[in-house]
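The values are calculated or read from the model by the stated rules, or taken from the named source; none is laboratory data. Computed from a predicted model, the values in this text were never measured in an experiment. In this analysis, Cβ positions are derived from the backbone assuming ideal geometry, glycine residues included, and neighbour counts consider all displayed protein chains.
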Protein chains: 2
Amino acid sequence: MTFIKTPTKGMRDFLPKEMELREYVLNIMKETYKQFGFEQIRTPVVEHIENLTSNQGGENEKLIFKILKRGEKLAKVEYSNENDLVDSGLRYDLTVPLTRLYANNMQNLPFPFRAFQIGYSYRAERPQHGRYRELMQCDLDILGEKTNLAEIELITAVITFLQRLEFQNFTIKINDRRILKAMLEYANMPLSQMDKILITIDKIDKIGITNVKEELQKNDIPLENIEKYLGLFNKSKDVKNFCKDLPIDTQIVDNLEQIINIVLENVEAKIEFDPTLVRGMGYYTGPIFEIYADGLDSAIAGGGRYDKMIEKYTNMPVSACGFSIGFERLILLLEQKNITFKQKDKYCYVIYPNKDIEQLKTIIKEVNDLRKQEKIVKVVERSKNFKHQKEMLLNEEYQIIEK
Amino acid sequence: MTFIKTPTKGMRDFLPKEMELREYVLNIMKETYKQFGFEQIRTPVVEHIENLTSNQGGENEKLIFKILKRGEKLAKVEYSNENDLVDSGLRYDLTVPLTRLYANNMQNLPFPFRAFQIGYSYRAERPQHGRYRELMQCDLDILGEKTNLAEIELITAVITFLQRLEFQNFTIKINDRRILKAMLEYANMPLSQMDKILITIDKIDKIGITNVKEELQKNDIPLENIEKYLGLFNKSKDVKNFCKDLPIDTQIVDNLEQIINIVLENVEAKIEFDPTLVRGMGYYTGPIFEIYADGLDSAIAGGGRYDKMIEKYTNMPVSACGFSIGFERLILLLEQKNITFKQKDKYCYVIYPNKDIEQLKTIIKEVNDLRKQEKIVKVVERSKNFKHQKEMLLNEEYQIIEK
């Protein structure tokens, strides 16, 4: 009989120690988000294949775990294309199901709707360190809030959560997709190629400025325009100063400045306008932001405003703004910090074999009385190798009571 | 563009009210199980197709959501059988993955190992009331405990949990697979047909005694033997008296009596020996038990000892005993009870549009100060239809602060 003991490729079993940390983090997260008036929702991990392949998911759409049709529906299939065989798949993010849930339940939800969703997503990526095929995602969204209250509250909530995990020294980087657009216009770059150009420029840190210039020139952008665009990065990091020569509505700049100033007053973190911040997804329409912890070169949380998405699927104009925590990265960081949890007192009753029923009754009664006093208690039979048993229990931080 | 707003067939979105109840129940469950020394584990929802189709899952194996191979592996397939196309599937229970996790990690786990696992399972059933294709399961297991400490602790833990939900009036029904076997032997019924006969007898409540007799006779069981078997049910419900004419080791009877007596002392619930209790799965090897709430004719939790299963997959003899809560049924029950939760104070700041930055700063500061005092606070812009907005907020039990 074939029985495979390891989890499927790229997925993980979690043993008690790992679960303890994950649950600890999730509890603080839930508690914090609730205090900010966010409400928890949950959606199934299985999603309609039509929704998963609607071009909202970018590269992730290439990584879908697809689920075979069943019974008669499968029997009827003429197999020409793999999509004929499937009717659903595992979600690759929480945004598609959030949009679906909201579209289906708008009438029964508060407006604006503050939602958080914690759940696993699935991506058939080539497994590598820190990349998993089953990964936890934690999304925080405000749907229906058109003002910058959304950005201010989202950023404050996430920073508050991270600080309760005793992380310090954050930098919040913030930009606006409309400023990025104005920068391109200022440098006479073609807006039709906006996503492509921004993705290239975003690679400066990785491939260096010379390679970025080369790649852009290959895409028929004149060197002169490229230089003009890159020249912007030498300007002041004050958003108002930065934008003063750009073709942009001052309201957009004021809006961003307001977010920066108000967040600054409410959290202990640096917040800086960063004109190089791009964010991958093309669906963002306004402010975008990321949180960096000291000493780490990739973000632990990121998000932005995506005012057009819900309308695209529902024909109802609903503004939206969201923040997503890189939960798996956060856990890796916390594992390095070696957090110790405040434990309740733990007792283990180690009892000799073959007790008679009256003795056993007395012991079990005692055990359950201790539990009523909020203690953690377990009972085991004394093993022949008690020395080893004792050692293991002490390792688990149990106080031993021999009976 | 096709975008489907409802969840996939038989699966559910959970809105905040529903999530609140589910989280409330799960928190009490986790807290209780931890006090009994159980530790949480988690396994992926995706499982090797080989493990899902190893005949451990009974009827559930017909209901697997299968996941298509990807990329080159799919391209290479000659499609003759659907199993050629798949490499994995969604788990239909938590027992298969528990066995896998334990087989793979025994050396790093306490012995005996007290584990609990909370997670979703997937079954492609025909949707009907109370049956879902994505269902939460909550399993509690003790692996490696050969004595009846396992049964006693499991039953006490589950009853303690249910009582903390303010359920009252439980009946625990208990039996032993070896007593069922002795009953068949006593009535000269063929042990080779044990599972089939027991499943038929289990239907007395549903189809009536006449039909049961008929069905058994169709399977070549003489009426005389059937009558002898059924006659047992008129005997005393005291386990010792019931078993005194059966061909059974007295240790088995003493063991069961001990469980009954000790559980009785430690929980406020009825516990009764029930020789009609069968439990569906063939893998049980010893005591089996179910918990019934008053007025309900199906169990809300069930379990038993399955001492041979881990050995079957690992060649290591490890005793095992488990209990599974029917979480979705429990939630249905609680929804009928209309539980009210103790809420923290909730405030909503409703602010007039177009505040200047200094006003906004002051308001947001006040909001965050309240949050530091453990209050739940949200901020929304005052809508044109304030009367409606106010009504909705009061419905959500927010105290309104106008600014």
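Return the total of residues in the range B:33-58 being among the small types (G, A, S), within 19 Å of A:L15 (Cα to Cα) and surrounded by fewer than 20 Cβ atoms within 10 Å (Cβ to Cβ).
From the range B:33-58, those among the small types (G, A, S) are B:37, B:54, B:57-58; that's our starting set.
Next, from what is left, pick out any that are within 19 Å of A:L15 (Cα to Cα): B:37.
Pick out the ones that are also surrounded by fewer than 20 Cβ atoms within 10 Å (Cβ to Cβ) and you get none.
Total satisfying the criteria: 0.
Of the residues B:E61, B:E78, B:E72, B:E82, the single one that is surrounded by fewer than 21 Cβ atoms within 10 Å (Cβ to Cβ), in contact with a Ser or Thr (Cβ under 8 Å, 6 or more places away or on another chain) and either within 30 Å of A:F65 (Cα to Cα) or away from chain A (no Cβ under 11 Å) (or both) is B:E61.
So how many residues does the range B:1-21 have that are surrounded by 19 or more Cβ atoms within 10 Å (Cβ to Cβ) and either more than 7 Å from chain A (Cβ to nearest Cβ) or at positive phi (or both)? Selection size over the range B:1-21: 1.
With respect to B:Y92, determine if the residue is crowded, with 19+ Cβ neighbours inside 10 Å and either more than 22 Å from B:I300 (Cα to Cα) or in contact (Cβ under 8 Å) with a residue 60 or more places away in the chain (or both).
Values: crowded, with 19+ Cβ neighbours inside 10 Å: yes; either more than 22 Å from B:I300 (Cα to Cα) or in contact (Cβ under 8 Å) with a residue 60 or more places away in the chain (or both): no.
For B:Y92, the condition - crowded, with 19+ Cβ neighbours inside 10 Å and either more than 22 Å from B:I300 (Cα to Cα) or in contact (Cβ under 8 Å) with a residue 60 or more places away in the chain (or both) - is not met.
All of (1) more than 7 Å from every other protein chain (Cβ to nearest Cβ); (2) crowded, with 22+ Cβ neighbours inside 10 Å; (3) more than 30 Å from B:I199 (Cα to Cα) hold for B:K30 with one exception: (2). Counting only strands (runs of 3 or more DSSP E) wholly contained in the range B:303-403, the ones carrying 1 or more residues that are more than 27 Å from B:Y33 (Cα to Cα) occupy B:346-351, B:376-381, B:399-402.
The residues in the range A:39-54 that are more than 8 Å from every other protein chain (Cβ to nearest Cβ) and either over 23 Å from A:R133 (Cα atoms) or outside any helix (DSSP H, G or I) (or both) can be counted, and the count is 1.
Take residues that are more than 31 Å from the chain's Cα centre (by Cα) and more than 24 Å from B:Y283 (Cβ to Cβ) and tell me which of the helices (runs of 4 or more DSSP H) falling wholly in the range B:192-267 contain 1 or more. Talk me through it step by step, then tell me what you get.
Values: elements: B:194-201, B:204-207, B:209-218, B:223-231, B:239-243, B:250-266.
Here the list reads B:209-218, B:223-231, B:239-243, B:250-266.
Could you check the range A:1-33 and list, in sequence order, the residues that are in a loop (DSSP other than H, G, I, E, B) and touching a residue at least 12 places away in the same chain (Cβ under 8 Å)? Before the answer, list the steps.
From the range A:1-33, those in a loop (DSSP other than H, G, I, E, B) are A:1-13, A:15; that's our starting set.
Correct list: A:T8, A:K9, A:G10, A:M11, A:R12.
One residue stands out in the range A:161-176 among those that are at pLDDT below 95 and in a helix (DSSP H, G or I): the one that is farthest from the other protein chains (Cβ to nearest Cβ), namely A:L162. Here B:V96 does not fit the description of being over 20 Å from the mean Cα position of the chain (by Cα) and either in a loop (DSSP other than H, G, I, E, B) or at the interface with chain A (Cβ under 10 Å from one of its Cβ atoms) (or both).
Conditions (1) in contact (Cβ under 8 Å) with a residue 60 or more places away in the chain; (2) within 22 Å of B:E18 (Cβ to Cβ); (3) of a type in the set (V, I, T), marked per residue:
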| site | (1), (2), (3) |
| --- | --- |
| B:E328 | yes, yes, no |
| B:K344 | no, yes, no |
| B:K365 | no, no, no |
| B:K384 | no, no, no |
| B:Y398 | no, yes, no |
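Restricting to the range A:367-382, name every residue that is touching a residue at least 24 places away in the same chain (Cβ under 8 Å) and either touching a His at 6+ places or on another chain (Cβ under 6 Å) or surrounded by fewer than 15 Cβ atoms within 10 Å (Cβ to Cβ) (or both).
At the first step, the residues of the range A:367-382 found to be touching a residue at least 24 places away in the same chain (Cβ under 8 Å) are A:374-382.
Within the range A:367-382, just A:E374 meets the criteria.
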